[in-house]
Amino acid sequence: MDLSPYIARGFPGKLDALIAGVGVKGIDREQTLGQVRLCPETERYLYEGAFSPARIRYERGRRPVLENVAAGFRARTALERIQQALAWVPRRVRHPHLAGDTPPDRALGEEALIASGIGWCNEQARVFIALCEVMEIPARLCFIYQPEPVSGHACTEVLVDGRWVYADVTFGIMVTLPDGRLAEGRDLSGAHNALAHEAYRGPLTAYYARCLPFVEKCPGWRSADRPPADRGGRLLTCIGISNYLIEGVTRL
């Protein structure tokens with residue numbers, strides 16, 4: 001499938017321009033500019049096709065810091081290890097809104113982000129993906145947007161039982177659908193958006209209460225721009241997907 005018409009293009013309002021002018025560097029910029037917009041034309045390819053690897057292999061010894069962290073996730077199932085990683089990252093790589101103003105263009109590797117103890121949502125997502133991939137669990141970036149007023153956020157999706165399960169690292173969110181399955185991003189952007197509202201209500205309420213004063217100068221997340229705590233699902237109005245395979249991981 002020719003994805004070029006959908007790579008960081010066709011988003012509503014000002015989103016295309018904001019994505020093109022993103023103030024990050026290195027791999028973070030590559031991922032942002034390479035995201036594929038979720039729309040009816042791309043949905044099957046992104047979620048049911050070959051866009052993202054369904055099987056990966058990690059070469060032991062290539063990322064020892066990540067291996068050591070992942071070794072601490074002592075769980076029997078892949079889902080339990082995913083959940084442990086999802087809880088570990090925001091505790092050990094704290095978001096600047098809660099920890100202190102931080103340049104967004106550091107272009108640090110995952111080990112350096114862990115050592116720094118701080119990371120923006122896209123950096124937290126990258127650390128989480130790297131940990132999943134060391135455990136040979138496929139994962140990818142999921143950029144989400146509220147177009148008006150503009151708010152953007154970086155999350156992830158992880159392959160669980162053949163589904164690209166939505167996982168928000170910053171807020172520790174995974175959502176269960178009425179049928180018991182874990183939700184994909186497309187579910188929460190569409191028919192089950194009300195479940196996203198409910199899932200974000202508690203985490204956003206706590207987050208907004210703890211945000212440091214400098215956040216009021218941050219377009220997109222100052223009080224006038226960010227979604228209300230009881231309407232966090234607005235962030236899933238638009239979705240872009242990017243793959244990210246870390247050094248030491250090959251696609252099978």
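Got a sec? Which of TYR166, TYR200 is in contact with a helix residue (DSSP H, G or I) (Cβ under 6 Å, 6 or more places away or on another chain), over 17 Å from LEU46 (Cβ atoms), at pLDDT 95 or above and of a type in the set (Ser, Thr, Tyr)?
One residue alone meets the criteria, TYR200.
Determine whether segment 38-51 contains at least one residue that is under 20 Å from the mean Cα position of the chain (by Cα), modelled with pLDDT under 95 and under 23 Å from VAL150 (Cβ atoms).
no
Please find, within segment 124-160, the residue that is surrounded by the fewest Cβ atoms within 10 Å (Cβ to Cβ) out of those that are acidic (Asp, Glu) and modelled with pLDDT of 95 or more.
GLU136
Checking the structure you have, find out if any residue of segment 32-47 is more than 21 Å from CYS218 (Cα to Cα), free of Cβ contacts under 8 Å to residues at least 12 places away in the same chain and either surrounded by 20 or more Cβ atoms within 10 Å (Cβ to Cβ) or of a type outside the set (Lys, Arg) (or both).
Yes, segment 32-47 has at least one match.
Just to verify a result, which residue in segment 198-232, among those that are more than 19 Å from the chain's Cα centre (by Cα) and acidic (Asp, Glu), is farthest from THR102 (Cα to Cα)?
ASP230
Being touching a Leu at 6+ places or on another chain (Cβ under 7 Å), surrounded by fewer than 17 Cβ atoms within 10 Å (Cβ to Cβ), among the aliphatic types (A, V, I, L, M) and closer than 25 Å to LEU188 by Cβ narrows it down to one of ALA54, ALA85, so name that one.
None of the others qualify; the one that does is ALA54.
Can you give me the ranges of the helices (runs of 4 or more DSSP H) entirely in segment 25-135 with at least 1 residues that are over 30 Å from LEU212 (Cα atoms)?
Fully inside segment 25-135 and qualifying: 43-48, 64-71, 78-92, 121-134.
Could you tell me whether LYS25 is touching a Lys or Arg at 6+ places or on another chain (Cβ under 9 Å) and of a type in the set (D, E, K, R)?
The answer is yes for LYS25.
Determine, yes or no, whether THR156 is part of a loop (DSSP other than H, G, I, E, B), within 17 Å of the chain's Cα centre (by Cα) and at negative phi.
Answer is no for this residue.
How many residues are under 29 Å from GLU111 (Cβ atoms), free of Cβ contacts under 8 Å to residues at least 60 places away in the same chain and surrounded by fewer than 16 Cβ atoms within 10 Å (Cβ to Cβ) if we restrict to segment 12-28?
Residues flagged as under 29 Å from GLU111 (Cβ atoms), free of Cβ contacts under 8 Å to residues at least 60 places away in the same chain and surrounded by fewer than 16 Cβ atoms within 10 Å (Cβ to Cβ) within segment 12-28 amount to 1.
Could you check segment 106-123 and list, in sequence order, the residues that are under 27 Å from PHE11 (Cβ atoms), over 11 Å from the mean Cα position of the chain (by Cα) and buried (at least 24 other Cβ atoms within 10 Å of the Cβ)?
GLY119, the sole residue that qualifies.
Out of all the residues in segment 199-248, which are part of a loop (DSSP other than H, G, I, E, B) and within 30 Å of ARG60 (Cα to Cα)?
TYR244, LEU245, ILE246, GLU247, GLY248
Right, ARG226: touching a Leu at 6+ places or on another chain (Cβ under 9 Å), within 24 Å of GLY13 (Cβ to Cβ), at pLDDT 95 or above and buried (at least 20 other Cβ atoms within 10 Å of the Cβ) or not?
Yes.
For segment 178-194, name all the residues that are more than 15 Å from THR237 (Cβ to Cβ) and surrounded by fewer than 20 Cβ atoms within 10 Å (Cβ to Cβ).
Selection gives PRO178, ASP179, GLY180, ARG181, LEU182.
Within the bounds of segment 165-188, is there any residue that is in contact with a Gly (Cβ under 7 Å, 6 or more places away or on another chain) and either small (Gly, Ala, Ser) or in a helix (DSSP H, G or I) (or both)?
Checking segment 165-188: at least one residue is in contact with a Gly (Cβ under 7 Å, 6 or more places away or on another chain) and either small (Gly, Ala, Ser) or in a helix (DSSP H, G or I) (or both).
The values are calculated or read from the model by the stated rules, or taken from the named source; none is laboratory data. What you are looking at is a predicted structure, and each value in this text was computed from that prediction instead of being measured. Glycine also receives a Cβ, built like all others from the backbone with ideal geometry; neighbour counts cover every protein chain displayed.
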